[in-house]
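In what follows, a single structure is set out as structure tokens and then discussed.
The values are calculated or read from the model by the stated rules, or taken from the named source; none is laboratory data. Since we're looking at a predicted model, the values are computed, not measured. Every residue, glycine among them, receives a Cβ derived from its backbone with ideal geometry; neighbour counts consider all protein chains shown. Accessible surface is based on the protein model in full, side chains and every heavy atom, while ligands, DNA and RNA are left aside. Shrake-Rupley method; radii C 1.70, N 1.55, O 1.52, S 1.80 Å.
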Amino acid sequence: MMRIAKKTFLLSPSAKPISTHSKSAFLLLSRMLLSTMLLIGCSQANDAGSKTDKQVYYHSVVTTALIPLDGYKVNRRFSGTTQSMQVANLNLEVPGRVQSIYAFEGNQVQKGQLLATLDSELLHIELKQLSAQLQQIDAEMVLAKSSLNRVNTLIDDGYTSVQSFDEITAQLQVLEATRQQLQASINAKNYQIKHTKIIAPFDGVVNKRNINIGEVVNSSTIAFEVQQSAHNELKVGVPQNLIKQIAQQQRFSLVIEGKHIEVAELAINTQINRLSRTIQLRFELPKDLKVFNNQIGYFEFEQFYPQPGYWVPVTAITDGIRGTWNIYTLQAQEESPLFKLIPHSVDVIHVEQDRAFIRANLDEQQPLLAGGLHKVVPNQLVKINTLGK
């Protein structure tokens, strides 16, 4: 075109000579037209190459297996309190004045250790009085036996009657009865003197002390509360319907102060609590475990629910229409490495932190889409990410 234009100007007899400014504009226009033609040619070449090399994209997904189960287990935790197996309220069996106290609240005591005593002076005086009466009866019985022997001799010689023998015999029987009564009173007094002392019935800790030196107390006054050490148990209330499953276990899992403890001993109460409507379980704790009375503890139990279904990740569930829940399985395509996403409506039975138990009519041979449901749609063709990414 440039050349034709030049020829036209040259052949025209009436054309005027071209100025320097016109020549510059003409050269600039020619360069612009040449650049435009080159860009159009390159663009057409690139479009032809891209159409030839373009490939179809298929989303890569992660799958998991469907494992059918006859039911599912739920971890249950029941709270309770630790209790000593023996807590004794000790009192003085006889009234009197407190003379000495040898144990105070918080003290560790040993079995047989003396805890407190009463003033027993009056009891000892009464004991001496009864002992003197007993000695008197013994003397009277000696005299009566001697008289009986003499009467027997006189009866044989014919100097006395049988009535005298009967009278002395009856007197001896009365003295013997009186002697037994006095002996019983002496034994009772010795018992009272012995129980003017409070003795620790077992190794333990003094929780309470309710008496002071100089106080006059009676037999109904509770002097000490002693808790047995090294023999503790955890008491837990559970629903009645779980008793059968719990009783079938051989080992039981407890949690106290964050420590997991396994025990084998279980005692089941036969009475339902009127307030909580639960059955009390008692677990004997190890002797070397140090706990406080009324400390919180837990009993962990796996409750089984007989419900056929599948455990699936929570990320594999998405919401469907009209409040339903959906999952996607992957259906293999013939002679192709691709899979088709098939939606299924499911019933969510139980949900935990990262998984859910569902009920659905599924083919266990099909893989399940494990996550990324917001990136796919039903019936979409995808490929499986074998690297699990």
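What to note about this one:
- For region 263-275, a residue qualifies if it is more than 18 Å from GLN303 (Cβ to Cβ) and either in contact (Cβ under 8 Å) with a residue 60 or more places away in the chain or open to solvent by 50 Å² or more (accessible area, probe 1.4 Å) (or both), and the qualifying residues are ALA264, GLU265, ASN269, THR270, GLN271, ILE272, ASN273, ARG274, LEU275.
- Among residues of region 76-115 being open to solvent by 60 Å² or more (accessible area, probe 1.4 Å), in contact with a Phe, Trp or Tyr (Cβ under 7 Å, 6 or more places away or on another chain) and in a strand (DSSP E or B), the one that is nearest to TYR191 (Cα to Cα) is SER79.
- Breaking point among (1) modelled with pLDDT of 90 or more; (2) surrounded by 13 or more Cβ atoms within 10 Å (Cβ to Cβ), for GLY214: (2)
- Flag if ALA144 is open to solvent by less than 30 Å² (accessible area, probe 1.4 Å) and assigned to a helix (DSSP H, G or I): yes
- Taking the criterion of being within 16 Å of GLN99 (Cβ to Cβ) and either open to solvent by 100 Å² or more (accessible area, probe 1.4 Å) or in contact with a Ser or Thr (Cβ under 6 Å, 6 or more places away or on another chain) (or both), the residues of region 119-137 that qualify are SER120, GLU121, LEU122.
- Cβ pairs under 8 Å, 6+ apart, first in region 337-357 and at pLDDT below 90, second surrounded by 14 or more Cβ atoms within 10 Å (Cβ to Cβ): PRO337/LYS383
- As a summary of the residue check, ALA223 satisfies the conditions (1) exposed (fewer than 15 other Cβ atoms within 10 Å of the Cβ); (2) touching a Lys or Arg at 6+ places or on another chain (Cβ under 9 Å); (3) of a type in the set (A, V, I, L, M) except for the one numbered (1).
- Among (1) in a helix (DSSP H, G or I); (2) at pLDDT 90 or above - the single one HIS21 does not satisfy: (2)
- Within region 155-166, the set of residues being at pLDDT 70 or above and surrounded by 12 or more Cβ atoms within 10 Å (Cβ to Cβ) comprises SER164, PHE165.
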